[in-house]
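Each reported figure results from applying straightforward, stated rules to the coordinates on display, with no laboratory input. Computed from a predicted model, the values in this text were never measured in an experiment. Cβ placement follows ideal geometry from the backbone for every residue including glycine, while neighbour counts extend to all protein chains displayed.
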Amino acid sequence: MSAADAADPLVKVHVWDRVVRSTHWLIAGSIAVLAPTGIYIGHPMLLSPGAAGSHFIMGTIKVVHFYAAIVFTLAVLARLVWLFVGQGHARWTEFVPVHAPRRRGMWEALQFYLFLRSRPGEAVGHNPMAGFTYIFVFGLYLVMIATGLGLYAEGTSVGSPMRAFEILLRLTGGAQTATWIHHVVMWLLLGFVVHHVYSAILTSAVEQNGEIDSIISGNKWIPSSEARQDAEARGRS
């Protein structure tokens, strides 16, 4: 152990609470189901002999897609509510850089992602750039939910309470436009997933703080001085 490590040892800090972790995995799992089923609904590629009623492939795929969409919607809404009622690193201030240190940290994190510096800067929870990016990601989530509800409402029976969401189709210019938006945003989210996984692995490898494990356990290993500064900053906020 070096003198620097002895002077500033790593300490375990509980960063992500159960709501953050559970909504994260529910959103990730539902996207893993929604993407392939959505692609199939848009471009059916399975052929079956005989009457469609004997196989009901498209109907089954749609049911799976709809149930996954319910999980996705509830998880996103729960996380949005938790931004304002949760504590610590779960709060909306992790996304919106209202404090000067977070704004300065955005530039440091951007330089790290562009390989202009070796470390992303100090951040116990989301680094400022990642947190700010999630504002747009959750915006995409809401677009997916809105267009999905509108498209679902169009196919419901007359008198169904879900018909109320047909207004969302009018806001997007009709079912065809809503379908196109739904499809494009899906690919944007899949692109984000690739970047998100890559960034998490990169940051975990560089900082060696248990970044990947933290979304399961909730804990990171942080230098004691950094953990102390973070606790003091949150005490003042």
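Annotations
- Here the peptides 128-140, 163-175 are ranked by packing, the mean other Cβ count within 10 Å, and the order with the highest first is 128-140, 163-175.
- Contour excess over end-to-end distance, with Cα ends at L77 and E166 and 0.36 nm allotted per residue: 30.0 nm
- Rounded tilt (10° steps) of 224-236 against the dominant C-alpha axis of the chain: 70 degrees
- Value of [θ]222 nm, deg cm²/dmol, for the chain, DSSP H segments ≥ 4, -39500 (n - 2.57) each, nearest 500: -22500 deg cm²/dmol
- FRET E, pair W180, S48, Förster distance 30 Å, beta-carbon r, rounded to 0.05: 0.60
- Whether region 22-121 is rounded, prolate or oblate, judged on the alpha carbon gyration tensor where a/c under 1.5 counts as rounded: oblate
- Between the Cα long axis of helix 18-42 and the first principal axis of the chain there is an angle of about 40°, rounded to the nearest 10.
- Relative contact order of the chain, defined on C-alpha pairs under 8 angstrom at six or more residues apart (%): 27 percent
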